[in-house]
Amino acid sequence: MNETPMRVCAEIDLDAVRENVRALRARAPRAELMAVVKSNAYGHGAVQCARAAQEAGATWLGTATPEEALALRAAGIRGRIMCWLWTPGGPWQEAIEAGLDVSVSGMWALDEVRAAARAAGRPARIQLKADTGLGRNGCQPADWAELVGAAVAAQAEGTVQVTGVWSHFACADEPGHPSIRLQLDAFRDMLAYAEKEGVDPEVRHIANSPATLTLPETHFDLVRTGIAVYGVSPSPELGTPAQLGLRPAMTLKASLALVKTVPAGHGVSYGHHYVTESETHLALVPAGYADGIPRNASGRGPVLVAGKVRRAAGRIAMDQFVVDLGEDLAEAGDEAVIFGDAERGEPTAEDWAQAAGTIAYEIVTRIGGRVPRVYLGG
């Protein structure tokens, strides 16, 4: 625990990460679990969370970019690591030499990874991604036969090893959405074709966090869990973290910079969108949109100060915002909890998402680099 009060800090409870991984493994007992640690582990710290997830039984780690995956290797993280967001000219050879699993969605990527494998003198571990309906990355069904055929040929020549076939849901966080069944059927069809043509993957996977929690028929050999690892519900429609058996890992705190008394009719922050109704106490929270606090939650963002949840008064600025304490008292240096765990009576990332008109994924991921991470349970 940090003994010197900080302007603002994000406390990351690694025990919560471990508990969440164990809870997710229990939801998919016949599948392996990938902990997705992309975007600095959704703002929580990739290396620390990767280690905690592995300690709790995650057998795979996932990142978006190869650079993220290579950074894990450079930090000494071992085991299976997959990365999937590639652009032409990417660090294919470095990924092959680091033993990473790389995703291939089209012929250009297969061509580049084969060339890199020849340069590295060892086969590349590749996973073929099928676009079953999300419409982002992945190979369309119309192009699947060409990609599978070329991958099987590359495996025969010794430049690649096809270790996986995978896809990603568009609407698994919307219970009952018709696309879920359509995508699952398409995945089964594309997987069956690949296997008929000679692909024998180590892992088959399509389940993300919401599918892991609610759709056991999607679990196959591996589930890819991202936001749920960090104790955030993938969607309010699926339930709160506590209802899903999860515990938030991040608590964002600040030390009040100032508390002062102002008269009635006093404007607060830029534009004077908030004006005091009576004499009151204002508390200054020294965190703003440069730290990742969403400006469009101005007037609505909740903060726990002096024992009560209050709303940001007026505009959230780059480095600070104000809360109106009314008749309540506080002092400079007192703690303000911007978000944390509802079970402790604190505002949550989901509360801020509702206030900002976004999703909780964005709230935790956007917490900036100038906010120190303090690790508990390490």
Legend entry - strands (runs of 3 or more DSSP E) enclosed by segment 252-307 - at least 1 residues per element that are under 13 Å from residue 337 (Cβ atoms): 280-285, 302-305
Legend entry - Yes/no for residue 325 being hydrophobic (A, V, I, L, M, F, W, C), under 29 Å from residue 230 (Cα atoms) and assigned to a strand (DSSP E or B): no
Legend entry - Residue check, residue 371 among the aliphatic types (A, V, I, L, M) and either modelled with pLDDT under 95 or in a strand (DSSP E or B) (or both): no
Inset, instruction - Tell me which residues, restricted to segment 161-174, are open to solvent by 30 Å² or more (accessible area, probe 1.4 Å) and either under 20 Å from the mean Cα position of the chain (by Cα) or basic (Lys, Arg) (or both). - result: 168, 170, 173, 174
Inset, instruction - Evaluate segment 44-64: report whether one residue or more is on the phi > 0 side of the Ramachandran plot and open to solvent by less than 20 Å² (accessible area, probe 1.4 Å). - result: yes
Legend entry - Any hit, segment 300-309, residues being of a type outside the set (D, E, K, R), under 25 Å from residue 173 (Cα atoms) and in contact with a Gly (Cβ under 8 Å, 6 or more places away or on another chain): no
Inset, instruction - Would you mention how many residues in segment 235-251 are closer than 16 Å to residue 347 by Cα, of a type outside the set (Ser, Thr, Tyr), open to solvent by 40 Å² or more (accessible area, probe 1.4 Å) and part of a loop (DSSP other than H, G, I, E, B)? - result: 2
Inset, instruction - Go through segment 187-199 and give me each residue that's touching a helix residue (DSSP H, G or I) at 6+ places or on another chain (Cβ under 9 Å) and either in a loop (DSSP other than H, G, I, E, B) or open to solvent by less than 80 Å² (accessible area, probe 1.4 Å) (or both). - result: 187, 190, 193, 194, 197, 198, 199
Legend entry - Long-range neighbours under 7 Å by Cβ, at least six apart or interchain, first residue aromatic (Phe, Trp, Tyr) and crowded, with 19+ Cβ neighbours inside 10 Å within segment 278-301, second at pLDDT 95 or above and part of a loop (DSSP other than H, G, I, E, B): 289/316; 289/318
Legend entry - Exclusive hit being open to solvent by 10 Å² or more (accessible area, probe 1.4 Å) and over 26 Å from residue 45 (Cβ atoms), set 232, 268, 275: 275
Inset, instruction - Kindly provide the set of residues from segment 70-89 that are crowded, with 22+ Cβ neighbours inside 10 Å, touching a helix residue (DSSP H, G or I) at 6+ places or on another chain (Cβ under 7 Å) and not in a loop (DSSP other than H, G, I, E, B), ordered by number. - result: 72, 81, 83
Inset, instruction - Show the residue pairs that are 6+ apart or on different chains and have beta-carbon atoms under 8 Å apart, the first residue being within segment 28-43 and over 19 Å from residue 213 (Cα atoms), the second being hydroxyl-bearing (Ser, Thr, Tyr) and in a loop (DSSP other than H, G, I, E, B). - result: 38/65
Inset, instruction - Find all pairs meeting these conditions: Cβ atoms under 9 angstrom apart; at least six residues apart or on different chains; first residue within segment 171-187 and without any contact (Cβ under 8 Å) to a residue 60 or more places away in the chain and over 17 Å from residue 216 (Cβ atoms); second residue charged (D, E, K, R) and open to solvent by less than 50 Å² (accessible area, probe 1.4 Å). - result: 186/131
Inset, instruction - Among the residues of segment 302-328, count how many are under 22 Å from residue 371 (Cβ atoms), aliphatic (A, V, I, L, M) and open to solvent by 10 Å² or more (accessible area, probe 1.4 Å). - result: 5
Legend entry - Residues that are open to solvent by less than 50 Å² (accessible area, probe 1.4 Å) and either assigned to a helix (DSSP H, G or I) or within 30 Å of residue 261 (Cα to Cα) (or both), drawn from segment 329-349: 330, 333, 336, 337, 338, 339, 340, 345, 346, 347, 348, 349
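The values are calculated or read from the model by the stated rules, or taken from the named source; none is laboratory data. All values reported here derive from a predicted model rather than from experimental measurement. Neighbour counts are summed over all protein chains in view; Cβ atoms, including those assigned to glycine, are modelled from backbone coordinates with ideal geometry. Each accessible area value is taken on the protein alone, full model and side chains, heavy atoms only, with ligands, DNA and RNA left out. Shrake-Rupley method; radii C 1.70, N 1.55, O 1.52, S 1.80 Å.
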